[in-house]
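Just below is one structure, and these are the notes that go with it.
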Amino acid sequence: MKTEHSIKRNLIIALGLLLFTVGFSLSFLGVRLAQKALTKEAEIYLQDKTALTAEILDGKILSLFQLMEIFTRLPQIQNKSISYQQKNNILLNEAKFHSVIQELYIVDKSGIKYHPDGTKNDYSQELWFKESTKGKNISTEPYTDKTRSNNLFITFSMPVYDSDKNLIGVLSADVPAEQLSKEINDLEIGRTGFFYILSLTGTIIAHPNISLVEKMINIQIDAKTDKALESLAQFERTAIEMDTPSSGYYEYGNIKKAASYAPMKTTGWTVILSVPLKELIGTINVLKSTMMIIGFIFLLISLIVVFLIANKIDNFIKNQIM
C-alpha cells in the first residue's frame with residue numbers, strides 16, 4: 001500500500017515539476033520576446049512621430065519663406081526708383097494681413113533698415129544679414145529685442161534680387177519666438193510626453209514651458225556646473241550631431257526617460273520627443289502581469305490533469321496486482 005501511494009506521489013511530483021518547468025520557461029521566454037518586440041516598436045513609433053513633427057514644422061517654415069519670396073518679387077520692392085523707406089512702408093502694411101509675422105522689412109545692400117518714420121537701423125554686422133547676402137535663407141535663434149518691450153523674436157531672412165539677379169537687399173520677417181512653442185504645445189504623446197526644439201548650439205528655442213525659452217536655457221552649458229544634467233546633456237549632444245532620426249534614453253530628476261530626435265531640414269534645428277520610460281513601458285508591464293496570471297492558471301490546470309492521470313495509473317497498477 002505504501003508503495004502504491006509512493007508511486008502516485010512520485011508521479012504527481014515528477015509530472016508537476018516537468019509541467020511547471022516547461023510552463024515557466026515558455027512564459028519567461030514569451031515575456032522576454034514580447035518585451036523586446038514592444039520596446040522596439042515603441043522606439044520606432046517615437047522616431048516616426050518625431051520625424052513627422054519635424055516635417056510638419058519644416059513645411060510651415062518653408063511656407064513662410066515662400067510667402068517672403070512672393071514679397072521680394074513685388075513690383076514696388078523691385079522698383080529702384082522707390083526708396084527703401086517707402087518699400088518698408090509697403091511691407092509694414094503687408095504684414096498686417098499675416099498674424100504670424102510681427103514685422104516685415106527690407107534692408108539695403110549695406111545692411112541699413114530705413115523706417116517709415118525716417119529713423120534707421122544698421123544690421124550690417126548681424127549674422128542673418130551677412131549670410132543672406134551670400135544667397136542663403138536664414139533662421140535665427142530667439143533673441144531679446146529691447147526696442148519691443150524685451151520680447152523674444154526669431155528673424156527669418158532671405159536675399160532680394162532684381163530682374164538681372166543682382167542683390168538689392170535682404171528681406172526679413174520677425175516672428176514672436178513663442179509661436180514656435182505654440183506649434184508643438186498640442187503635440188502630446190501619452191499622458192506626460194512632450195516635444196521641444198533645440199537650436200544648432202543646443203539652446204532650447206521651443207518648449208511647453210516657455211520660461212525655458214525666455215531664459216535661453218542650454219543644458220550642455222549648464223551641465224558643466226550641474227552634474228544632475230550630464231545624462232540629458234549627453235543625449236542632446238548626440239541628437240544635435242546626428243543627421244537622421246533616432247532614439248535613446250536619459251535620466252533627469254531621477255526619472256528615466258525614453259526620447260527620440262529628428263533634424264529639421266529648413267533650419268538645422270533638432271526636434272526632440274521625451275516620454276517617461278515608466279509610462280512608455282506601461283503596456284509591457286500589463287503584458288507581464290497578464291502572462292503571469294495565465295501561467296498560474298495553466299499550472300493549476302496542469303496539476304489537476306496530473307492528479308487525474310496519476311489516479312488512473314494508480315488504479316491500473318492496483319488492478320494488475322489484484
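The values are calculated or read from the model by the stated rules, or taken from the named source; none is laboratory data. Fair warning: this is a prediction, and the values are worked out from it, not measured in the lab. Cβ placement follows ideal geometry from the backbone for every residue including glycine, while neighbour counts extend to all protein chains displayed.
Things to note:
- When the test is whether a residue is touching a Phe, Trp or Tyr at 6+ places or on another chain (Cβ under 6 Å) and surrounded by fewer than 19 Cβ atoms within 10 Å (Cβ to Cβ), Ser231 passes it.
- Applying the criterion of being among the charged types (D, E, K, R), in contact with a strand residue (DSSP E or B) (Cβ under 8 Å, 6 or more places away or on another chain) and part of a loop (DSSP other than H, G, I, E, B) to the residues of the stretch 81-125, the residue that is surrounded by the most Cβ atoms within 10 Å (Cβ to Cβ) is Asp108.
- Just one of (1) surrounded by 17 or more Cβ atoms within 10 Å (Cβ to Cβ); (2) closer than 24 Å to Ser163 by Cβ; (3) at pLDDT below 90 fails for Leu15. It is (2).
Okay, residues lined up against (1) at pLDDT 65 or above; (2) more than 29 Å from Ser139 (Cβ to Cβ):
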site	(1), (2)
Gly23	no, yes
Ala42	yes, yes
Lys49	yes, no
Asn79	yes, no
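- Any hit, the stretch 223-232, residues being modelled with pLDDT of 90 or more, hydroxyl-bearing (Ser, Thr, Tyr) and in contact with a strand residue (DSSP E or B) (Cβ under 9 Å, 6 or more places away or on another chain): yes
- Helices (runs of 4 or more DSSP H) contained in the stretch 187-263 and holding at least 3 residues of a type in the set (A, V, I, L, M): 210-214, 230-241
- Some residue of the stretch 134-141 being of a type in the set (D, E, K, R), closer than 14 Å to Thr267 by Cβ and either modelled with pLDDT of 90 or more or part of a loop (DSSP other than H, G, I, E, B) (or both): yes
- Test set (1) over 26 Å from the mean Cα position of the chain (by Cα); (2) touching a residue at least 12 places away in the same chain (Cβ under 8 Å) - Asp174 fails condition number: (1)
- Residues in the stretch 153-169 that are of a type outside the set (A, V, I, L, M, F, W, C) and either in a strand (DSSP E or B) or under 9 Å from Ser139 (Cα atoms) (or both): Thr155, Ser157, Pro159, Tyr161, Gly169.
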